[in-house]
Amino acid sequence: EEKQMKIIDILAASDNLKKLVNVRFSSFKVTRSIANLVKQCDEEIKFYMTEMQKLINIYAEKGEDGNPVFNENGNIKLIDQEAKDNFDKEYKDLSETDVSDNVHKVNLSESDFRDPADLPTPAEMMALESVINWVD
């Protein structure tokens, strides 16, 4: 049973996925599937950023310049507790949006890498598990 892929999974995999863009793979088929995966993820991240901006515009306290106010710890200051509750709920909904229909996992194995030096570390592999099936 494939588990749902959520926006939050893509955000978590994003940095490590960008590293794979510069890797030379043993076939153009693999190179293309990685390039497509990155495009699909970028689309979802753009969607996330746009929706996140809308939430900030709705729930953030605005300064005299009309821009959101930040508090000491660098977080956006929300208007009040109700705004915070709504923001938290909508943020959770947003980050847990299922994107499995648009982002398709790619199978990768060690033999797909031309240079063993390009193989991801165990930590990178774990970070990429939401978008890549590691196969033997």
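Rule-based calculations on the coordinates, nothing more; no lab input. For clarity, every value in this text was computed on a predicted model and none was experimentally measured. Cβ placement follows ideal geometry from the backbone for every residue including glycine, while neighbour counts extend to all protein chains displayed.
Candidates ILE45, ILE58: the one that is more than 30 Å from LYS18 (Cα to Cα) and of a type in the set (Val, Ile, Thr) is ILE58. If you go through segment 63-87 and keep only what is free of Cβ contacts under 8 Å to residues at least 24 places away in the same chain, surrounded by 13 or more Cβ atoms within 10 Å (Cβ to Cβ) and not hydrophobic (A, V, I, L, M, F, W, C), you end up with PRO68, LYS77. Residue pairs whose Cβ atoms lie under 9 Å apart, separated by 6 or more positions or on different chains, with the first residue in segment 100-122 and under 13 Å from VAL30 (Cβ atoms) and in contact (Cβ under 8 Å) with a residue 24 or more places away in the chain and the second in a helix (DSSP H, G or I) and hydroxyl-bearing (Ser, Thr, Tyr), are VAL106/SER33; ASN107/SER33; LEU108/SER33.
Counting just the residues of segment 106-136 that are in contact with a Ser or Thr (Cβ under 8 Å, 6 or more places away or on another chain) and part of a loop (DSSP other than H, G, I, E, B), which one comes out surrounded by the most Cβ atoms within 10 Å (Cβ to Cβ)? Applying the filter and picking the extreme gives ARG114.
May I ask you to list the residues in segment 1-58 that are among the basic types (Lys, Arg), touching a residue at least 60 places away in the same chain (Cβ under 8 Å) and assigned to a helix (DSSP H, G or I)? Spell out the reasoning first.
Looking only at segment 1-58, we keep the residues that are among the basic types (Lys, Arg), and these are 3, 6, 18-19, 24, 29, 32, 39, 46, 54.
From what's left, touching a residue at least 60 places away in the same chain (Cβ under 8 Å): 6, 19, 24.
Correct list: LYS19 only.
Mind telling me which of the residues SER26, SER33 ends up being of a type in the set (Ser, Thr, Tyr), surrounded by fewer than 17 Cβ atoms within 10 Å (Cβ to Cβ) and within 30 Å of PRO122 (Cβ to Cβ)? Outline the logic, then answer.
Numbers: SER33 fails: surrounded by fewer than 17 Cβ atoms within 10 Å (Cβ to Cβ).
Being of a type in the set (Ser, Thr, Tyr), surrounded by fewer than 17 Cβ atoms within 10 Å (Cβ to Cβ) and within 30 Å of PRO122 (Cβ to Cβ) holds for just one of SER26, SER33, which is SER26.
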